[in-house]
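**Student:** Just dropping this structure here.
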Amino acid sequence: MLKIGIILGSTRPGRMSPQVGNWVKDIADKRGDASYEIVDIADYKLPFFGEPGSEEQIKNWTEKLNSLDGFVFVTPEYNHSITGALKNALDLARVEWNNKAAGIVSYGSTGGARAAEHLRGILGELLVADVKAHPTLSIFTDFENYSTFKPAELHLGNITLMLDQVIAWSGALQTLRQ
């Protein structure tokens, strides 16, 4: 069975990525087509690239990535891009990302579209095949008082399609990793 990590892309206090990530996981778990898990980069206390004395945190991070066949990135849009914490988490590994698939669920004032576009470029460099289906969540309509996640029903179809694509591509790319 494929293992898909739902990566929470923010570590800021008051972040909303755990709410969105849990929603994605609840939908994904009902499918029965893979094993899904939340991977919260905040739990790994990742150092900035090149900091001395950080080998253990990086080892734990790369071992987690090695154990996964694909990803769903839950990313907010900060300043028209992804968070610094997510960029750092991506940069701390290389081959552990290669030949895997990823979907993106983004949120923000424009649905996080600009963050997703930046993330796609980074994923391409890391040899991660990002899928086309891309659920975008509006901070104005999918979050009550800009903080409590209450997604519109219409997003269910996009999440389902994105997960279908992540599973198909993760399975196909598995042969390259063997």
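**Student:** May I ask you to list the residues in segment 28-50 that are open to solvent by 80 Å² or more (accessible area, probe 1.4 Å) and acidic (Asp, Glu)?
**Tutor:** Listed by number, the list holds a single entry, 43.
**Student:** For a quick check of your reading: which strands (runs of 3 or more DSSP E) sit entirely within segment 53-163 and have at least 1 residues that are at pLDDT 95 or above and surrounded by fewer than 20 Cβ atoms within 10 Å (Cβ to Cβ)?
**Tutor:** The qualifying strands (runs of 3 or more DSSP E) are 128-130, 136-138.
**Student:** Determine the pairs where a residue that is within 19 Å of residue 36 (Cα to Cα) and free of Cβ contacts under 8 Å to residues at least 60 places away in the same chain, located within segment 49-67, has a partner that is of a type in the set (Ser, Thr, Tyr) and open to solvent by less than 70 Å² (accessible area, probe 1.4 Å) with Cβ atoms under 7 Å apart, the partner being 6 or more residues away or on another chain.
**Tutor:** Sorted first by the residue in segment 49-67, then by its partner, the pairs are 60/44; 61/44.
**Student:** Here is a list of conditions, (1) without any contact (Cβ under 8 Å) to a residue 40 or more places away in the chain; (2) outside any strand (DSSP E or B), and residue 37 meets all of them except one; can you say which number that is?
**Tutor:** For residue 37, the exception is condition (2).
**Student:** Something else now. What tally of residues in segment 9-34 results from selecting those that are more than 20 Å from residue 156 (Cβ to Cβ) and touching a residue at least 24 places away in the same chain (Cβ under 8 Å)?
**Tutor:** So the answer is 6.
**Student:** With respect to the numbered conditions (1) more than 13 Å from the chain's Cα centre (by Cα); (2) of a type outside the set (A, V, I, L, M, F, W, C); (3) part of a helix (DSSP H, G or I), which one is the sole condition not fulfilled by residue 25?
**Tutor:** Of everything listed in (1) more than 13 Å from the chain's Cα centre (by Cα); (2) of a type outside the set (A, V, I, L, M, F, W, C); (3) part of a helix (DSSP H, G or I), residue 25 misses just condition (1).
The values are calculated or read from the model by the stated rules, or taken from the named source; none is laboratory data. On a predicted model such as this, the values are computed, not experimentally measured, just so you know. Cβ atoms come from the backbone with ideal geometry, glycine included; neighbour counts cover every protein chain shown. Just so you know, the surface numbers come from the protein's heavy atoms only, side chains and all, with ligands and any DNA or RNA stripped out. Shrake-Rupley method; radii C 1.70, N 1.55, O 1.52, S 1.80 Å.
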